[in-house]
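The values are calculated or read from the model by the stated rules, or taken from the named source; none is laboratory data. None of the values given here were measured: they were computed from a predicted structure. Every residue, glycine as well, gets a Cβ built from its backbone with ideal geometry; the counts of neighbours run over all protein chains shown. Ligands, DNA and RNA are excluded from the accessible area calculation, which covers all protein heavy atoms including side chains. Shrake-Rupley method; radii C 1.70, N 1.55, O 1.52, S 1.80 Å.
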Amino acid sequence: MRPGYRLAAVVTVAGVIALAGCKDPGKSSLPTPSKAFCEAAVKYDTAIQKVTKADQAQRARDQLPLVEQMADNAPADIRSAARTFADALRRRADGDTSVVDSPSVTKAVNDVNRRAGNGCGFYQSQSGEGGM
């Protein structure tokens, strides 16, 4: 895999794992994220699932507004991770490939995706039980 494609793969794989692979065992003790955060998370989840021929930097530019909206509206418990995620996408969009294999970026992406999946009702809406 070329270095330029790794961040998208990390983001996509993290999204799929966080949003589809884990079951929410019950109601979280964390506060429900804001509607703005969840709306951006749903749009982001939809965007990363679309197959595109755009290069890595272009995909990062396309995803950046959604991740920035999540960061701007993130619950306090993941605000720092959301900002790290947005910063990494911004840097990748500008051509910086150093963020692609960064463990701290990978952790931030996973944390944001997990929080969105658990806090925004993704699992309930996947099973037909309601949600957003």
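Looking across region 60-82, the residues that are over 11 Å from the mean Cα position of the chain (by Cα), closer than 23 Å to Ser29 by Cα, part of a helix (DSSP H, G or I) and of a type outside the set (Val, Ile, Thr) come down to Asp72, Ala76, Asp77, Arg79, Ser80. Restricting attention to region 92-107, the residues that are part of a loop (DSSP other than H, G, I, E, B) and aliphatic (A, V, I, L, M) add up to 2. Counting the residues of region 1-48 that are within 22 Å of Lys107 (Cβ to Cβ), of a type outside the set (A, V, I, L, M, F, W, C), assigned to a helix (DSSP H, G or I) and modelled with pLDDT of 70 or more gives 2.
What are the residues in region 54-96 that are over 25 Å from Cys38 (Cβ atoms) and open to solvent by 70 Å² or more (accessible area, probe 1.4 Å), if any? Of everything in region 54-96, those that are over 25 Å from Cys38 (Cβ atoms) and open to solvent by 70 Å² or more (accessible area, probe 1.4 Å) turn out to be Asp55, Arg91, Asp94.
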